[in-house]
Amino acid sequence: MNHTMRSFADASLLLILLAVAPQSMRAEEAPCPASFFAEARPAPGRARKAMLSDYLPSLAGGPGDTPVFIIEGRKPGATLFVCAGTHGNEIAGVVAAAILAERVEVDQGRLIVLPRANRSAASYPDPDKPGPSSISIGTAKGERVFLYGARRTRPEDEGRPDTSLFLYPGSKLTQNGNEARNLDRNYPGKPDGGLTSRVAFAISALIEKEGVDVAFDLHESDPESKLAWIIVANPKNIDCAAMAVLDLESSGIRMAVDASAAEPRGLSHREWGDGSKAMAFLVETPNPAQAAPPLSGDAVNDPERPLSRRVSVQLATVAAIVSACNEGLPEESRIVLEGIPSPGEITASGLGAFLE
Ligand SMILES: [Zn+2]
């Protein structure tokens, strides 16, 4: 048996053992800071607030349950889904999602925002790259606090211990066992899996049930990573990403574009796009505080890559891709958003001007 086959067999055995683990090992209620539920706060009447547990009831009341905001447009059209907080320390996406939920007008279509996909990951410091416990942004009404957490689900929330190896879903590739707690390795997820896999399952179910046409997963990366300033697109919709990159370039934003790799499986842009009708995109900006030790940076006030710049690029990228996707859709099936703040507006007024 070669190494890969042995890894696969070991992982299969562990998965079988875990499948018969008693219910008492399942997720326990995690402490949730009071500030969490105010992280995105659309004004009353602006959005319908659902919960992720609406798509998988076993999440209800536990550390994987998290708000979903649904905004109906003035005219019918396509459905746009924006997911952020997959990784708890990738804060630009979380703030961009809050601005979308709170300030952007939907003229046509429907906007669904999941600002904290992995709530558990927001609840503790990352063991490899600990950052601040939260960041705050000044607004006209006071300070807005956003939790700054970890890459993976909190171990105590997962409901089962890490195994030595993680087997990517639908693949024979393996990775360190703690990747079982990495939401962006677990799609399409399992309704009876560990907490992270169940959250992935609920997000996949949301995409299917809501008939999502265009889906985004907003991330950040180590500034030295090849993922900094990149759009990763499912191969079926990479043409929209390529068109958007040209559009962004004309406004001074340089993004690279790449297609989802065939392996490993389990990543959002690959599985959402392959498993549903949705065009699927991942957006990455560089977070200086995610630099590999001993390097470290400021997640908010880095002079080269301040949070305001990263958030503005996330928003501009969503806008450019939606616009490119609209080109291929009949007029009655488009998504038209108004009031996405431009990079110039965010530079001039600050992020707080676009938050409640
Ligand atoms: Zn990420």
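The values are calculated or read from the model by the stated rules, or taken from the named source; none is laboratory data. For clarity, every value in this text was computed on a predicted model and none was experimentally measured. Neighbour counts are summed over all protein chains in view; Cβ atoms, including those assigned to glycine, are modelled from backbone coordinates with ideal geometry. All accessible areas refer to the heavy atoms of the entire protein, side chains included, with ligands and DNA or RNA removed. Shrake-Rupley method; radii C 1.70, N 1.55, O 1.52, S 1.80 Å.
Considering only segment 212-253, how many residues are at pLDDT 95 or above, under 16 Å from Arg309 (Cα atoms) and within 19 Å of the chain's Cα centre (by Cα)?
The total comes to 6.
If you scan segment 213-256, which residues turn out to be in contact with a Lys or Arg (Cβ under 8 Å, 6 or more places away or on another chain) and β-branched (Val, Ile, Thr)?
Across segment 213-256, there are no qualifying residues.
Since Ser221 meets every condition but one in (1) within 15 Å of the ligand (Cβ to nearest atom); (2) polar (S, T, N, Q); (3) under 18 Å from Glu327 (Cα atoms), which condition does it not meet?
(3)
Cβ-Cβ distance below 7 Å, separation of 6 or more or different chains: which pairs start in segment 173-192 with a residue that is more than 13 Å from the ligand (Cβ to nearest atom) and among the hydrophobic types (A, V, I, L, M, F, W, C) and end on one that is assigned to a loop (DSSP other than H, G, I, E, B) and open to solvent by less than 30 Å² (accessible area, probe 1.4 Å)?
What qualifies is Ala180/Gly194.
Out of all the residues in segment 71-86, which are in a loop (DSSP other than H, G, I, E, B) and open to solvent by 10 Å² or more (accessible area, probe 1.4 Å)? Spell out the reasoning first.
Restricting attention to segment 71-86, the residues satisfying the condition of being in a loop (DSSP other than H, G, I, E, B) are 73-74, 85-86.
Hits for segment 71-86 are Gly73, Arg74.
Can you tell me how many residues within segment 256-284 are closer than 21 Å to Gly328 by Cβ, within 16 Å of the ligand (Cβ to nearest atom) and among the aliphatic types (A, V, I, L, M)?
Qualifying residue count, segment 256-284: 3.
Quick one: is Tyr187 within 21 Å of the chain's Cα centre (by Cα), within 9 Å of Gly266 (Cβ to Cβ) and buried (at least 18 other Cβ atoms within 10 Å of the Cβ)?
Values: within 21 Å of the chain's Cα centre (by Cα): yes; within 9 Å of Gly266 (Cβ to Cβ): yes; buried (at least 18 other Cβ atoms within 10 Å of the Cβ): yes.
Spelling it out, Tyr187 is indeed within 21 Å of the chain's Cα centre (by Cα), within 9 Å of Gly266 (Cβ to Cβ) and buried (at least 18 other Cβ atoms within 10 Å of the Cβ).
Of the residues in segment 87-101, how many are within 15 Å of the ligand (Cβ to nearest atom), small (Gly, Ala, Ser) and either open to solvent by 10 Å² or more (accessible area, probe 1.4 Å) or more than 19 Å from Ala291 (Cα to Cα) (or both)? Before you say what the answer is, go through the steps one by one.
Taking segment 87-101 and keeping what is within 15 Å of the ligand (Cβ to nearest atom), we get 87-97.
From what's left, small (Gly, Ala, Ser): 88, 92-93, 96-97.
If we keep only those that are either open to solvent by 10 Å² or more (accessible area, probe 1.4 Å) or more than 19 Å from Ala291 (Cα to Cα) (or both) as well, we get 96-97.
Residues that pass the stated criteria total 2.
Quickly run through segment 107-124 and pick out the residues that are open to solvent by 10 Å² or more (accessible area, probe 1.4 Å) and more than 16 Å from the ligand (Cβ to nearest atom).
The answer is Asp107, Gln108, Arg110, Ser123, Tyr124.
Being crowded, with 17+ Cβ neighbours inside 10 Å and polar (S, T, N, Q) is the filter; apply it to segment 231-283 and report the residue that is farthest from Ser197 (Cα to Cα).
It comes out as Asn237.
Being within 16 Å of the ligand (Cβ to nearest atom) and over 24 Å from Gly62 (Cβ atoms) is the filter here, so list the residues in segment 193-217 that pass it.
Narrowing segment 193-217 to residues within 16 Å of the ligand (Cβ to nearest atom): 196, 199-200, 203, 215-217.
Correct list: Ala215, Phe216.
Name, by its number, the condition in (1) in contact (Cβ under 8 Å) with a residue 40 or more places away in the chain; (2) open to solvent by 10 Å² or more (accessible area, probe 1.4 Å); (3) touching a Gly at 6+ places or on another chain (Cβ under 7 Å) that does not hold for Asp162.
Going through (1) in contact (Cβ under 8 Å) with a residue 40 or more places away in the chain; (2) open to solvent by 10 Å² or more (accessible area, probe 1.4 Å); (3) touching a Gly at 6+ places or on another chain (Cβ under 7 Å) one by one, Asp162 breaks only (1).
Considering segment 47-66 alone, what residues qualify as being outside any loop (DSSP other than H, G, I, E, B) and touching a helix residue (DSSP H, G or I) at 6+ places or on another chain (Cβ under 7 Å)?
Leu52, Ser53, Ser58, Leu59
Within segment 332-343, how many residues are assigned to a helix (DSSP H, G or I) and open to solvent by 50 Å² or more (accessible area, probe 1.4 Å)? Even if it seems obvious, please write down each step before you answer.
Keep residues of segment 332-343 that are assigned to a helix (DSSP H, G or I), which gives 332-333, 343.
Remaining after also requiring open to solvent by 50 Å² or more (accessible area, probe 1.4 Å): 332.
Residues that pass the stated criteria total 1.
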